[in-house]
């Protein structure tokens, strides 16, 4: 019959009561607490961020493509107007890039954790 | 802190160079014989058209060339007009509509090419550019607008890719700054050579030079990368890290001041070794528009970085150089932001997918994808060479059927390069992810068992 932790603790108490403190300590040291398996915290999926960035990105696309006149006239004037296409590309890279990043996380596509 | 300081100093030194090149219009901008504006009036009787010039609003009366008629001039559409100086005063040579009409087919094509181009870029550090420019041109964009719009899409994509791969600990920022600063000088040298060839042998000579360089570099470098990847794949069991090439080991032994330590790349090497690699990257970027084809192999085989770090660092270089190029093209007002944004819509997702893909594959897989892409692109460019030789008058003009066949071989080889690279990356990534999942399941089973 297997000796359980309870049996070991009971025996250690008996030795301790009998004044054999050293033996009791040794017996207690032998007992192992069951290995705790860490409970994984539920992974929060970025649903809200994906939706928010998705809406901003889509709205920006719709705005640009429904105002082609602005794009073809102002954006191509050259000189200081170069800030328009470059700024727009940067804006989309932040907004649409964040949407893409969240979307990939949502789809479960994440980098390998080492 | 010290590293950051060096990077900031380098960028500080770089800024005046960037600004001066950008404000001067640079060599990569459009020729001065090209006018940009809108035709307001056409007169068939006098064979003239009035162009309202962009920016100044000045009205110019331009003459038709001998082959033109009034229907060739579209009123109220933004156009690029090239003038034929040899034919007389203000004679039109060509008219290009700057902004093509977007159809559903064109939109889908741009998105698909953008997605695979982004995937490739995130994985091997460069790519997409070599196919995007010809793709945009075949959809109807003028060459200069295609190059400008591609450049403007390249730097935000590279920025997102660099950020992702920096998070995975793969980007060596210091190496990127050092390489980019010398690459920009390389671009200037490359442009000077191009201009010299253009003045000596004209457009056909320039095209031939670009194609020959393309094929030589791609066949030699791509062939070597392919051989190296094959060697590594055969002993993949003990290939968790990367093996530094013999050449890089010899280079690292040269103790010539100033020695620079690149912590992420785990390399200590003399600046005198990084300078030629950076210059070559820039020169190639100015010649064939894809500097990464020499930058990444240079960082692997000459400097001694791993393929993962080299490809990630290349993204950083692409960001700096792309931003510089975009400012130049933006100043000339040639960016079609609609094309840029359509490509970005897919490539910003593709680049992140490619970047995370690198965490699942072994080092040699990056080399395989790079070699496959380079060798197929070499075929594409090689198919153009006979036509350019004929243009120079060094051989009889090509038969019409042959010329058409060679052109379609060239175009489809580019598409094939994208397809093959996209396919290898996707399969390698899926296999890597499945293996990782199986390993994790095994670990969980052992810890519970």
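Only the coordinates and a few stated rules stand behind these numbers; no lab work does. Computed from a predicted model, the values in this text were never measured in an experiment. Heads up, the Cβs are rebuilt from the backbone with ideal geometry, glycines too, and the neighbour counts pull from every protein chain shown.
At an R0 of 22 angstrom, the distance between the Cβ atoms of residue B:84 and residue B:398 translates into a FRET efficiency of 0.30. Highest GNM mean-square fluctuation, chain B, Cα pairs closer than 10 Å: which of B:321, B:102, B:365? Ranking B:321, B:102, B:365 by mean-square fluctuation puts B:102 first. For chain B, the relative contact order works out to 23 percent when only alpha carbon pairs closer than 8 Å and six or more residues apart are counted. So how far, in whole Å, is the C-alpha centre of the range B:162-241 from the one of the range B:317-394? Each part reduced to its Cα centre gives a spacing of 11 Å.
Between residue B:111 and residue B:46, full extension at 0.36 nm per residue minus the direct alpha carbon distance yields a gain of 18.9 nm. With a point put 7 Å past each Cα toward its Cβ, work out how far residue A:60 is from residue B:257 in nm, to one decimal. Going from the residue A:60 label point to the residue B:257 one covers 4.9 nm. Comparing A:29, A:89, A:59 in a Gaussian network model of chain A (Cα springs below 10 Å), the most mobile by mean-square fluctuation is A:29. Taken along its three principal axes, the alpha carbon spread of the range B:293-378 comes to 41, 26, 25 Å, from the longest extent down to the shortest. Remark: mean inter-chain Cβ contacts per residue of B:340-353 equal 5, using a 10 Å Cβ-Cβ cutoff to other protein chain atoms. Within the range B:102-440, the proportion of Cα pairs with more than 25 Å between them is 50 percent. Computed packing ranks the peptides B:277-283, A:62-68, B:185-191, B:395-401 as B:277-283, B:185-191, A:62-68, B:395-401, most packed first, by mean other Cβ atoms within 10 Å.
Take every DSSP beta bridge with both residues inside chain B and express the antiparallel ones as a percent of the total, to the nearest 5.
Looking only at bridges with both residues in chain B, the antiparallel portion is about 95 percent.
Taking the C-alpha atoms only, the angle from helix B:271-288 to the longest principal axis of chain B is near 40 degrees. Binning the alpha carbon pair distances of the range B:70-156 at 5 angstrom intervals from zero yields the distribution 3, 13, 19, 20, 15, 11, 8, 6, 4, 1, 0, expressed in whole percent. What number, rounded to the nearest 500 deg cm²/dmol, is the helix-based mean residue ellipticity at 222 nm of the protein assembly as shown, given -39500 (n - 2.57) per DSSP H run of at least four residues and division by all its residues? So the calculated ellipticity at 222 nm is -22500 deg cm²/dmol.
Using the alpha carbons alone, the radius of gyration of chain A stands to its Kirkwood radius in an Rg to Rh ratio of 1.60. Modelled spin-label separation between residue B:203 and residue A:110, with each label point placed 7 Å from Cα along the Cα-to-Cβ direction: 5.4 nm. Computed with the Debye formula from one identical point scatterer per Cα of the range B:302-449, without solvent, the log10 of I(q)/I(0) at q = 0.13 Å⁻¹ comes to -0.89.
Taking the C-alpha atoms only, the angle from helix B:2-23 to the longest principal axis of chain B is near 10 degrees.
Helix B:307-331 and the longest principal axis of the C-alpha atoms of chain B enclose an angle of approximately 20°. Label-to-label distance, residue A:29 versus residue A:7, with points set 7 angstrom from Cα along the beta-carbon direction: 2.2 nm.
Counting every C-alpha pair in the protein assembly as shown, the share spaced more than 44 angstrom apart comes to 27%.
Panel note: the C-alpha atoms of the range A:47-106, placed on their principal axes, show extents of 41, 20, 12 Å (largest first). Kindly identify the range B:191-290 as rounded, prolate or oblate by the Cα gyration tensor criterion: order the square roots of the eigenvalues as a ≥ b ≥ c, call it rounded if a/c is under 1.5, otherwise compare a/b with b/c, prolate if a/b is larger, else oblate. Oblate.
Applying the Kirkwood pairwise sum to the alpha-carbon positions of the range B:34-97 produces a hydrodynamic radius of 11.4 angstrom.
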